[in-house]
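The values are calculated or read from the model by the stated rules, or taken from the named source; none is laboratory data. Since this is a predicted model, take the numbers as computed values, not measurements. We place every Cβ from the backbone using ideal geometry, glycine too, and count neighbours over all the protein chains shown. Note: accessible area is taken over every heavy atom of the protein model, side chains too, but ligands, DNA and RNA are not part of it. Shrake-Rupley method; radii C 1.70, N 1.55, O 1.52, S 1.80 Å.
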Amino acid sequence: MSNLLEGFPVITEIPVAWGEMDALNHVNNVVYFRYFETARLDYFADIGLMEEMQVTQTGPVLSETSSRYRRPVTYPDNLLVGSRVSELAEDSFVMEYKIVSKQQGAVTTTGTAKVVMFNFKQQKRARLSPTLLEKIVSMQPELAITTD
């Protein structure tokens, strides 16, 4: 299964809860956005984003998010959610998610989220700090910005 999450530097395991299923006996579509959120917060923890936010008052806000459902998930199961940054800009980045069912041994869902950095004190967009940029690129060297 690890090959299904190749290229995703952060992998979060999430158990499926009985209460996440809907009347059609599979995980309700809205629950996947909570799975993405959990994986996103694990990625943020790995780059120290939340700690930096406490000091700088600059942090992440979502500007858009999407999900593509490939296979239904049912209880009981454990999901592996891979997260990575796929696009990096000076004031935002796009995250990608891939969910793999351990029970099925297959990808069940993919998703994206655009994250914009925001200065809460000044109430305006902000740049990613050099520290955060460095940490993201250290986890994903393919995102390095080269200059000529």
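Looking for something open to solvent by 40 Å² or more (accessible area, probe 1.4 Å), at pLDDT 95 or above and under 12 Å from LEU5 (Cα atoms) - is there at least one such residue anywhere in the range 87-96? Yes.
The one condition from (1) crowded, with 17+ Cβ neighbours inside 10 Å; (2) within 21 Å of LEU24 (Cα to Cα) that VAL81 does not meet is (2). Restricting VAL16, VAL30, VAL73, VAL10 to residues that are of a type in the set (A, V, I, L, M, F, W, C), in contact with a helix residue (DSSP H, G or I) (Cβ under 6 Å, 6 or more places away or on another chain) and at pLDDT 95 or above narrows the list to VAL10. Taken over the range 8-37, the criterion of being touching an Asp or Glu at 6+ places or on another chain (Cβ under 9 Å) and in a strand (DSSP E or B) is satisfied by VAL10, ILE11, THR12, PRO15, VAL27.
Test LEU133 against the stated conditions and say whether it is open to solvent by 50 Å² or more (accessible area, probe 1.4 Å), within 21 Å of THR56 (Cα to Cα) and among the hydrophobic types (A, V, I, L, M, F, W, C).
Working: open to solvent by 50 Å² or more (accessible area, probe 1.4 Å): yes; within 21 Å of THR56 (Cα to Cα): yes; among the hydrophobic types (A, V, I, L, M, F, W, C): yes.
So LEU133 fits the description; yes.
Restricting the range 25-45 to residues that are over 10 Å from the mean Cα position of the chain (by Cα) and touching a residue at least 12 places away in the same chain (Cβ under 8 Å), the residue that is surrounded by the fewest Cβ atoms within 10 Å (Cβ to Cβ) is ASN25. Taking the range 105-135 only, how many residues are touching a helix residue (DSSP H, G or I) at 6+ places or on another chain (Cβ under 7 Å), within 21 Å of TYR35 (Cα to Cα) and not in a strand (DSSP E or B)? So the answer is 0.
Taken over the range 97-115, the criterion of being over 14 Å from GLY7 (Cα atoms) and either surrounded by fewer than 16 Cβ atoms within 10 Å (Cβ to Cβ) or of a type in the set (Phe, Trp, Tyr) (or both) is satisfied by LYS102, GLN103, GLN104, GLY105, ALA106.
Against the numbered list (1) crowded, with 18+ Cβ neighbours inside 10 Å; (2) in a helix (DSSP H, G or I), LEU4 comes up short only at (1).
Given the structure, is PRO72 more than 18 Å from the chain's Cα centre (by Cα), in contact (Cβ under 8 Å) with a residue 60 or more places away in the chain, assigned to a loop (DSSP other than H, G, I, E, B) and more than 20 Å from GLU142 (Cβ to Cβ)? So PRO72 fails the test.
Screening PRO60 against (1) surrounded by fewer than 13 Cβ atoms within 10 Å (Cβ to Cβ); (2) more than 12 Å from ILE99 (Cα to Cα); (3) touching a strand residue (DSSP E or B) at 6+ places or on another chain (Cβ under 7 Å) leaves a single unmet condition, (1).
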